[in-house]
Structure formats: C-alpha cells, structure tokens
Amino acid sequence: MKQAILRVGSLSYKYMLVSRDTTTKNQEMFGMTIYPRAERDIAKSRKLIEKRKGFSTDIYGGYTGTAAAYMAIVRINKTKSSQYKVIAVPMTKRAILNKAEKEGNYEKILKQILSPSILYNDKGKRKAGVISFDIIKGKVPYNQVVQDGNKKFLLKSAIYLCNAKQLVLSEEAMRVITGHWLDSDKQDQELLDVYDEILEKIDRYLPLFDIRDFRNKLHKGREKFLKLNAEDKFKAIIQILKGLHDNSDTGELKDIGITVPFGQLQNNSGITLSSDTILVYQSPTGLFEKRVKISSL
C-alpha cells in the first residue's frame, strides 16, 4: 500500500500514503443476468434460482446466484486439519442479519445461514472430512486489506482479490517506460532489460501472481516477447504494468501467450487464508493502521 513512486522536481519518494474506502452492499439481490430455462444448452450446467417464488426455472429461467452483501471469514474444522476461508454473505439474508445484530445474536444466525454451503454439498450430503466450522470474523467489507505472509491484497469478493503491493522499478526502467530513449538503435534491448527487471521484482516481491500461474506464464512469455518489434514490446510492458498495478486493472497479453486477463486474481473454489493472516484496518488518511491476526479472533 505504501510503495508507489512520487517524483517532485529532483526528489524521489519511494513511499506515499494510500488508503481505500471499504464498503458493504445493499442493492441487487441477485446477479443481473437472467439465464434461459434450464433445458436450453446455455443453461444445462447452471443451477438456476427462481426469478420469483413459484416461477419454475424449467419454464421461466432464472438467476445463477445471489449477490453478496459482504463477506465473512470462517475456520472450517476438518478431520486432520483446519482451514480459514472467505465466504460470501448473501444479500437476501441481510435484513435478517441486521435484525439479529440489533438483538445481539448475529453470529448465531449467520452460522445457521452459512451452514448448508459449508457443511453440505449440492446434493445435500455431508462433505467428507468436514466436522464443523467457527465464525472468525462475521462481517468483512469489500476492499479489506489482508496481509498473508509476504502476500498483500484486497478482498474484492469471496473469489476475487487484487494486488495491494505497488511495483517499484529502477530509474533506468522508468526512463524507458516513459519513452526517453538514449539510443533509438537500442530500444529492443532496453525494453528487454525492463521486462527482465519486472520478472526479477515479481519473483522477489509478488508471489501473489502465482494465482492462475501468472508468474510462470510471464517467464514462459519471454521468448515470444523477444520476437516482438519495439512498438509491440513497449505495448506489452504497459499491459504488464496494468496487471501488476496496486488495483484491480488487468492487462491484455495475448501476444506473449497469456490468453486470460493478466492480473485477474480469481479462485473459483474460494479464497483460503493461513492462520498467520493479518487484517489491516486503516484510518481514512492512511496515517494510522491497526493489524489483527485472524488466529487471535
């Protein structure tokens, strides 16, 4: 969060204060897309939710899932281990949970709401090896800052996260990126040097990009990068920096063999956390922060 470069005159500051607004949601109950009835090809693999009570999805189609109001962190107790996991709290239950919070039994009601999805599979059978679960943090907002070992990120949902470490490059790399060439005949080599510096920084500081194998794909893409002309090399580097930036932007890198949006950090099975994970709470100015280890909650 404190690793952007700020240049004023001849001075360079490696750190600047950054803070983000954390939010919960209180709007749509479901995803906005209504899918066709279940027997049509486009919806065969989807488990649809009725558009309205009594409107069969076989006839009228429906939604694929509920929207989330915010998230929760739970500890799932298994036969041989335990696992911390980020879970979506459905918008459809927000009114019930607001009432429970006022009555002082929020966690009890939340546990009842989350139990079916954590303890049972889609067929209603108990998940193998899962004994029980505990609510560790009952309300986690969007954009919560999380530090898990040397990984720092923002929770964008129960399956999406984004990098919260800013990449800091050398003065030489910054000169090339801003188009200040020392020798036009050396553009290709200078751009390759920037690419290699980015790889070195990712290996040292950004293990988060092992998600979806992005780090390895960048290494493999070096050979294709070599074959690009200088203009396309420059464009590729800009797209890499977009994907690595301290936000949820993504880059388009098909020219070097990365077919998915670069930097879209997604885990469809859910985000898991280690017991050493720390929740970072920041003041609006970014001057003060509080750190809480989830294992102490």
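Okay, here's what the table says:
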| quantity | calculated |
| --- | --- |
| Index of the failed condition, Lys80 passing every other in (1) surrounded by 15 or more Cβ atoms within 10 Å (Cβ to Cβ); (2) within 27 Å of Ile131 (Cβ to Cβ); (3) charged (D, E, K, R); (4) modelled with pLDDT under 95 | (1) |
| Residue ID - most open to solvent (accessible area, probe 1.4 Å), chosen from residues in the range 218-231 that are part of a helix (DSSP H, G or I), in contact with a helix residue (DSSP H, G or I) (Cβ under 8 Å, 6 or more places away or on another chain) and modelled with pLDDT of 95 or more | Lys224 |
| Hits in the range 245-268 - residues which are touching a residue at least 60 places away in the same chain (Cβ under 8 Å) and out of contact with any Ser or Thr (no Cβ under 8 Å at 6 or more places or on another chain) | His245, Asp246, Asn247, Ser248, Leu265, Gln266, Asn267, Asn268 |
| Those residues of the range 250-280 which are more than 15 Å from the chain's Cα centre (by Cα) and open to solvent by 70 Å² or more (accessible area, probe 1.4 Å), in sequence order | Glu252, Lys254, Asp255, Thr259, Asp276 |
| Subset of the range 87-111 (residues that are open to solvent by 30 Å² or more (accessible area, probe 1.4 Å), under 22 Å from Tyr160 (Cβ atoms) and not in a strand (DSSP E or B)) | Thr92, Lys93, Arg94 |
| Residue among Val260, Val280 that alone is touching a helix residue (DSSP H, G or I) at 6+ places or on another chain (Cβ under 8 Å) and part of a strand (DSSP E or B) | Val260 |
| Some residue of the range 281-289 being closer than 30 Å to Gly221 by Cα and within 18 Å of the chain's Cα centre (by Cα) | no |
| Residue match in the range 139-146 (condition: assigned to a helix (DSSP H, G or I), at pLDDT below 95 and open to solvent by 20 Å² or more (accessible area, probe 1.4 Å)) | no |
| Residues that are touching a helix residue (DSSP H, G or I) at 6+ places or on another chain (Cβ under 8 Å) and open to solvent by 50 Å² or more (accessible area, probe 1.4 Å), drawn from the range 236-249 | Ile238, Asp249 |
| Condition met for Gln187 (crowded, with 17+ Cβ neighbours inside 10 Å and assigned to a helix (DSSP H, G or I)) | yes |
| Filter result (surrounded by fewer than 14 Cβ atoms within 10 Å (Cβ to Cβ) and either within 21 Å of Asp255 (Cβ to Cβ) or small (Gly, Ala, Ser) (or both)) within the range 201-217 | Asp213, Asn216 |
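To keep it simple, each residue is scored yes or no on (1) under 29 Å from Glu289 (Cβ atoms); (2) more than 27 Å from the chain's Cα centre (by Cα); (3) modelled with pLDDT under 95; (4) open to solvent by less than 30 Å² (accessible area, probe 1.4 Å).
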| site | (1), (2), (3), (4) |
| --- | --- |
| Ser117 | no, no, yes, no |
| Lys123 | no, yes, yes, no |
| Lys156 | yes, no, yes, no |
| Lys165 | yes, no, yes, no |
| Leu182 | no, yes, yes, no |
| Leu199 | no, no, no, yes |
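The values are calculated or read from the model by the stated rules, or taken from the named source; none is laboratory data. Since we're looking at a predicted model, the values are computed, not measured. So basically every Cβ, Gly included, is an ideal-geometry build from the backbone, and we count neighbours across all protein chains shown. Calculation scope for accessible area: heavy atoms of the full protein, side chains included, ligands and nucleic acids excluded. Shrake-Rupley method; radii C 1.70, N 1.55, O 1.52, S 1.80 Å.
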